[in-house]
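Participant: Supplied in structure tokens, the structure appears directly below.
The values are calculated or read from the model by the stated rules, or taken from the named source; none is laboratory data. All values reported here derive from a predicted model rather than from experimental measurement. Note that each Cβ is placed from the backbone with ideal geometry, even for glycine, and that neighbours are counted across all protein chains shown. Quick note on the areas: whole protein, heavy atoms, side chains included, nothing else; ligands and nucleic acids left out. Shrake-Rupley method; radii C 1.70, N 1.55, O 1.52, S 1.80 Å.
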Amino acid sequence: MSVGANIKKRRYELKMSQQELADAMGYKTRSTIAKIESGENDVSHRKLHKFAAVLDTTAEALLSGSFSATYTAAEGESIKGKNTVIVLAGGKSGRNRQNIPSQFINVNGRPILMHTLMAYQEHPAIGDIYVVCLKGWESIARAYAEQFKITKLKGIITGGNSGIDSLKNGIDGIKHKLSPNDLIIIQESTRPMVTGELISALIRSATEKGSATVCHSMNDYVQFDTSADRAKYVDRNAVIALQSPEAHKLSVIDAVFKKAKLSGHTMNETCFTMLMYNLGYNINFIEGNINNIKITREEDIAAFAARVRDWS
């Protein structure tokens, strides 16, 4: 892992926000910390030692990523059964050049779907996991879950014709087991780099506001809107990209699907957050990580495989 990633890891262990670390380091805004953690900004030798002092560790530990502490859940996050995960594995990309769905491609001895499930298997705040699976692949998913000891997996549900249809299948299959205030986390199977810290942040935000969606800022790039005759510059500081996961209370999900049905809305959105947006709901965004990539193309597989080797 990079120095920036190790700084982020240590900050999470100490339950510090980016702003708190920025204040301690003497930076004016948290954006400097965000750029260091994402790898955009380098860390000088002098700054490395200051980071080590502020984070109560050593420069050597920040270089290696070996700290004496490990990730611990925030207070109240260890409650089992409070948060349910639906992993959407019903798609089949034609761009990966592998002749099988991306979620079943093997990377470092484990299918991508299992890499994703392990993040939730290991998180203390997660109760039950359900996979909405591409039709015909259900038994394969189940066999892999048994092989990799995904003990929180409680069911595999056949997917629909689209992402929203698949989610609706999943919700309809489990809602009788839940209460209106329970959180449902919706995770794409092909985003295997979701972290425990991101899951925790999502749970906290959705618990407080009823709904939350992970995004990442696009301020590293110049943006243009080309829909008109003349391209128009878009303020890159105001542009974000949707990611996964997202989390919503069951009552919110029920209300959105009910409104869609009553209004005759054609549900062809790519994710639940876009369905909410198109129906006029406000969206609560939380900052994710640019490394939380979606495995769609051949180059995405290579990038993820390289990162997995770095973790090994």
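Participant: Residues that are open to solvent by less than 40 Å² (accessible area, probe 1.4 Å) and within 24 Å of residue 307 (Cβ to Cβ): list the helices (runs of 4 or more DSSP H) wholly contained in region 12-63 that include at least 3 such residues. Spell out how you get there, then give the answer.
Facilitator: Working: elements: 18-25, 31-38, 45-54.
Where helices (runs of 4 or more DSSP H) fall fully within region 12-63 and carry at least 3 residues being open to solvent by less than 40 Å² (accessible area, probe 1.4 Å) and within 24 Å of residue 307 (Cβ to Cβ), they are 31-38.
Participant: Between a first residue in region 276-302 that is closer than 24 Å to residue 252 by Cβ and a second residue that is aromatic (Phe, Trp, Tyr), which pairs have beta carbons less than 7 Å apart while being 6 or more apart in sequence or on different chains?
Facilitator: 283/277
Participant: Another one. As an exercise: evaluate residue 135 against (1) of a type in the set (Lys, Arg); (2) surrounded by 15 or more Cβ atoms within 10 Å (Cβ to Cβ); (3) out of contact with any Leu (no Cβ under 8 Å at 6 or more places or on another chain) and give the number of the one condition it does not meet.
Facilitator: Evaluating residue 135 over (1) of a type in the set (Lys, Arg); (2) surrounded by 15 or more Cβ atoms within 10 Å (Cβ to Cβ); (3) out of contact with any Leu (no Cβ under 8 Å at 6 or more places or on another chain) leaves (2) as the failure.
Participant: Oh, and also: Going through 166, 139, 179 one at a time, which residue ends up being under 28 Å from residue 256 (Cα atoms) and assigned to a helix (DSSP H, G or I)?
Facilitator: On the way: 139 fails: under 28 Å from residue 256 (Cα atoms); 179 fails: assigned to a helix (DSSP H, G or I).
Within the list 166, 139, 179, the selection yields 166.
Participant: May I ask you to verify whether residue 186 is outside any loop (DSSP other than H, G, I, E, B), open to solvent by less than 60 Å² (accessible area, probe 1.4 Å), farther than 30 Å from residue 108 by Cα and touching a helix residue (DSSP H, G or I) at 6+ places or on another chain (Cβ under 7 Å)?
Facilitator: No.
Participant: Identify all residues within region 262-277 that are more than 30 Å from residue 38 (Cα to Cα) and loosely packed, with under 15 Cβ neighbours inside 10 Å; write none if there are none.
Facilitator: Passing the criteria: 262, 263, 264, 266, 268.
Participant: Turning to a different aspect of this structure: Please verify whether residue 243 is under 24 Å from residue 39 (Cα atoms) and modelled with pLDDT of 90 or more, treating the condition exactly as stated.
Facilitator: Values: under 24 Å from residue 39 (Cα atoms): yes; modelled with pLDDT of 90 or more: yes.
Criteria met by residue 243.
Participant: Quick check on region 90-102. Is at least one of its residues part of a helix (DSSP H, G or I) and either at pLDDT 85 or above or crowded, with 17+ Cβ neighbours inside 10 Å (or both)? Break it down into steps so the answer makes sense when it comes.
Facilitator: Of region 90-102, the ones part of a helix (DSSP H, G or I) are 102.
Still in the list and also either at pLDDT 85 or above or crowded, with 17+ Cβ neighbours inside 10 Å (or both): 102.
Scanning region 90-102, I find at least one residue that is part of a helix (DSSP H, G or I) and either at pLDDT 85 or above or crowded, with 17+ Cβ neighbours inside 10 Å (or both), so the answer is yes.
Participant: Given the criterion closer than 25 Å to residue 162 by Cβ, open to solvent by 20 Å² or more (accessible area, probe 1.4 Å) and touching a residue at least 60 places away in the same chain (Cβ under 8 Å), identify the matching residue among 259, 249.
Facilitator: Values: 259 fails: touching a residue at least 60 places away in the same chain (Cβ under 8 Å).
One residue alone meets the criteria, 249.
Participant: If you don't mind, another one. Scan region 208-244 for residues that are touching a residue at least 40 places away in the same chain (Cβ under 8 Å) and open to solvent by 100 Å² or more (accessible area, probe 1.4 Å) and jot them down.
Facilitator: From region 208-244, those touching a residue at least 40 places away in the same chain (Cβ under 8 Å) are 209-217, 220, 240, 243-244; that's our starting set.
Selection gives 209 alone.
Participant: Next up: Within region 115-125, identify whether any single residue is of a type outside the set (A, V, I, L, M), on the phi > 0 side of the Ramachandran plot and without any contact (Cβ under 8 Å) to a residue 60 or more places away in the chain, and answer yes or no.
Facilitator: Step one: of region 115-125, the residues of a type outside the set (A, V, I, L, M) are 115-116, 120-124.
Filter once more, keeping what is on the phi > 0 side of the Ramachandran plot: none.
The answer is no; no qualifying residue exists.
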